[in-house]
Amino acid sequence: KSPIDFSTQENEFIRIEARIQASLWTGKEELPSLIEKFVSASHWFQVGVRLYHARQHAASYRLLKKAFAPRESFSQASRTELLRYFGLAAIRTGHGEDVETCISLLNGDFKSKEIASYLEAFRLEVQQRFLEAKNKYEEALRLNQGMGNRMERIYRPLIKCILLTKFPDFKLAEGYARDWAKVRQTVFTKHALCRIYLLWMH
């Protein structure tokens, strides 16, 4: 409710972002006009991604949708990342049409097909169609060979989906956990392998 002095440059970005988040967390769909003129598509994008990682999925979806409309102003790499996060947020919030749009646009570019496969797999996982999700994650894994960070993000849900199928293939899950450890040894790789052995034993 307090007016903000935007004439000063000191901490301007932080002030704008604080006002955006305060408005969203109080349930407002639109921001005050005072704020609107200071916000660019890239700002919506950046804040939307941070809100997604903070598990504020509904607010993240609204901001990323605003960034999605003028996406042509972004570079190719930024457009791909926008589609990835917008797709993830749309899946989390149940906006099926936007999910289809993101997957279609990602599939339309040879360089981003592997991200489309990941989104399709994640959507199937959220729908608890674990066997189909497992197959899609395997496809995404093949398409992302050599891309360490992306492969790490795929191994975890892939193993989870294998273990949640009606008749889990523990040997296959173990193989993927060991492959994951070859990409990078972390507490998550060790936890995945331990979990597989415990479930296998019981």
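The values are calculated or read from the model by the stated rules, or taken from the named source; none is laboratory data. Computed from a predicted structure; not experimentally measured. Quick reminder, even Gly has a Cβ in these numbers, built from the backbone with ideal geometry, and neighbours come from all protein chains shown. Quick note on the areas: whole protein, heavy atoms, side chains included, nothing else; ligands and nucleic acids left out. Shrake-Rupley method; radii C 1.70, N 1.55, O 1.52, S 1.80 Å.
Could you list all residues from the range 158-180 that are free of Cβ contacts under 8 Å to residues at least 12 places away in the same chain and closer than 13 Å to Tyr137 by Cβ? Hit for the range 158-180 is Leu172, nothing else.
Please work out which residue is farthest from Lys113 (Cα to Cα), limiting yourself to the range 156-166 and to residues that are open to solvent by less than 30 Å² (accessible area, probe 1.4 Å) and part of a helix (DSSP H, G or I). The selected residue is Leu163.
Taking the range 179-192 as the range and being surrounded by 13 or more Cβ atoms within 10 Å (Cβ to Cβ) and of a type in the set (A, V, I, L, M) as the test, the residues that pass are Ala181, Val183, Ala192.
Could you list, in sequence order, the residues of the range 167-178 that are part of a helix (DSSP H, G or I) and either surrounded by 15 or more Cβ atoms within 10 Å (Cβ to Cβ) or touching a helix residue (DSSP H, G or I) at 6+ places or on another chain (Cβ under 6 Å) (or both)?
Applying the first criterion (part of a helix (DSSP H, G or I)) to the range 167-178 yields 170-178.
Of everything in the range 167-178, those that are part of a helix (DSSP H, G or I) and either surrounded by 15 or more Cβ atoms within 10 Å (Cβ to Cβ) or touching a helix residue (DSSP H, G or I) at 6+ places or on another chain (Cβ under 6 Å) (or both) turn out to be Phe170, Leu172, Ala173, Glu174, Tyr176, Ala177.
Per-residue answers, yes or no, for (1) surrounded by fewer than 19 Cβ atoms within 10 Å (Cβ to Cβ); (2) under 22 Å from Glu152 (Cα atoms):
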{"site": "Ala58", "(1), (2)": "yes, no"}
{"site": "Leu63", "(1), (2)": "no, no"}
{"site": "Ser75", "(1), (2)": "yes, no"}
{"site": "Tyr85", "(1), (2)": "no, yes"}
{"site": "Leu88", "(1), (2)": "no, yes"}
{"site": "Gly96", "(1), (2)": "yes, no"}
{"site": "Glu100", "(1), (2)": "yes, no"}
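When Arg153, Arg129, Arg195, Arg142 are screened for being closer than 19 Å to Val49 by Cβ and either surrounded by fewer than 17 Cβ atoms within 10 Å (Cβ to Cβ) or modelled with pLDDT of 95 or more (or both), only Arg153 passes.
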